[in-house]
1. I'd like to know if the stretch 39-50 contains one or more residues that are exposed (fewer than 15 other Cβ atoms within 10 Å of the Cβ), closer than 19 Å to Ile17 by Cβ, among the aromatic types (Phe, Trp, Tyr) and modelled with pLDDT under 95.
2. If you go through the stretch 74-83 one residue at a time, do you hit one that is surrounded by 12 or more Cβ atoms within 10 Å (Cβ to Cβ), part of a helix (DSSP H, G or I), modelled with pLDDT under 95 and of a type in the set (Asp, Glu)?
3. Report yes if Leu53 is surrounded by fewer than 15 Cβ atoms within 10 Å (Cβ to Cβ) and either within 22 Å of Lys13 (Cα to Cα) or touching a residue at least 60 places away in the same chain (Cβ under 8 Å) (or both), otherwise no.
Amino acid sequence: MLIAARLASASTKLELIALLLAIAFVLIAEMINSAIEAAIDVATTSFDPMAKLAKDIAAGAVLIATVNAVAVGYLVFSGEVADRSSTAARPARATRPAAADARSRSC
């Protein structure tokens, strides 16, 4: 899907790399979050406030990574979307045929 969006837009290779890194960062944060949650579940058998705090912090890291990826995606694609929407919203200019221009000048 990302490749199709890249082909449809005029984003540069550097923008594509930034977007891929942001997406990879989200996936890595999610894997670390899952590992932390699994390790805490194995280590504790009852409710522990410190375990809850560790899980919440790991989930917060995933949230921050996701917000970062959304911001990068917005910065990469917002200019192209704005350009396309302003072009589509602009009415076509009516042009006069050359013969009509010549007649209006001769009067």
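1. Our first condition is that a residue be exposed (fewer than 15 other Cβ atoms within 10 Å of the Cβ); within the stretch 39-50, this holds for 39, 41-50.
Now narrow it down to the ones that are closer than 19 Å to Ile17 by Cβ: none.
Taking every residue of the stretch 39-50 in turn, none turns out to be exposed (fewer than 15 other Cβ atoms within 10 Å of the Cβ), closer than 19 Å to Ile17 by Cβ, among the aromatic types (Phe, Trp, Tyr) and modelled with pLDDT under 95.
2. yes
3. no
The values are calculated or read from the model by the stated rules, or taken from the named source; none is laboratory data. Treat the numbers as computed from the prediction; the structure is a model and nothing was measured. Cβ atoms come from the backbone with ideal geometry, glycine included; neighbour counts cover every protein chain shown.
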